[in-house]
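> Questions regarding the structure given below will be posed in turn.
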Amino acid sequence: MRAPMCACCGAPTAWPVERCRECRGRRLAFATARAAVLYDRGARSIVAAWKERGIRVLAEAAAELVCEAIAAPPVEGLVFVPPDGERLLRRGHNPSCALALELARRWQLPVGDALVRDRRAARQRGLSRSDRRRNIAGAFRAHPRSLPRSLCVVDDVYTTGATATAAASALRAAGAREIHVVTFARTARVAS
């Protein structure tokens, strides 16, 4: 995605801002969030094919777009958002993990599985921003074993930031200090 954008959450803005209306006043556990593309009709069809129809080669294409749009974050390693067990069984793969592995290879960073899902959460699709936060809050736990101080959370889509915040909060609770978020796509609300 191209500027102007919010310096914190990466939301498209009418002019550059440090914190946009979407993230101002919220306690975000991450330093920055960036996405390669807007989650428009084209991106939706790619994500649906990748996640729901299992077209796994799309992880490579998504990683290529991410690398073209986003510089490697200043971190010591990458982690991916873990799915709940039922969705993993149904899909047979984890798109966030596949994207993280592709980005790790391109950015020459290690990728770890420090995040685990502690509990199943209802699907986020269709929930309001506040319901999304409540739904996913506390769903993740991080293994503190030699956790780097700076990490990048990789996920497929950034919608309201609820999942990114929950994942980053778990990593910070386990000892990480600086968290960045990178996703393939981001919702297209214009914030100021």
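> How do the peptides 17-27, 61-71 rank, highest first, by the average count of neighbouring beta carbon atoms within 10 Å per residue?
61-71, 17-27
> Tell me what the chain gives for mean residue ellipticity at 222 nm when only DSSP H runs of n ≥ 4 count, each as -39,500 (n - 2.57), the sum divided by the residue total, rounded to 500 deg cm²/dmol.
Mean residue ellipticity at 222 nm (helix-derived): -10000 deg cm²/dmol.
> Rounded to the nearest 0.05, what FRET efficiency do ARG44 and ALA72 give with R0 = 22 Å and r taken as the Cβ-Cβ distance? Could you check?
Efficiency computed from Cβ-Cβ geometry: 0.25.
> Something else: Under a point-charge model restricted to the Cβ atoms of Lys and Arg (+1) and Asp and Glu (-1), what is the dipole moment magnitude of the chain relative to its Cα centre, in debye to the nearest 20?
Computed about the Cα centre, the dipole is about 720 debye.
> Further question on the same structure: Treat each spin label as a single point 7 Å out from the Cα along the C-beta direction, and report the VAL57 to ALA173 distance in nm.
Those two pseudo-labels are separated by 4.1 nm.
> Determine by what factor the alpha-carbon radius of gyration of the chain differs from 2.2 N^0.38 Å, reporting the quotient.
Cα-based Rg divided by the globular estimate yields 0.94.
Read the figures in this text as sums done on the coordinates, not as results from a lab. None of these values were measured; they are calculated from a predicted model. So basically every Cβ, Gly included, is an ideal-geometry build from the backbone, and we count neighbours across all protein chains shown.
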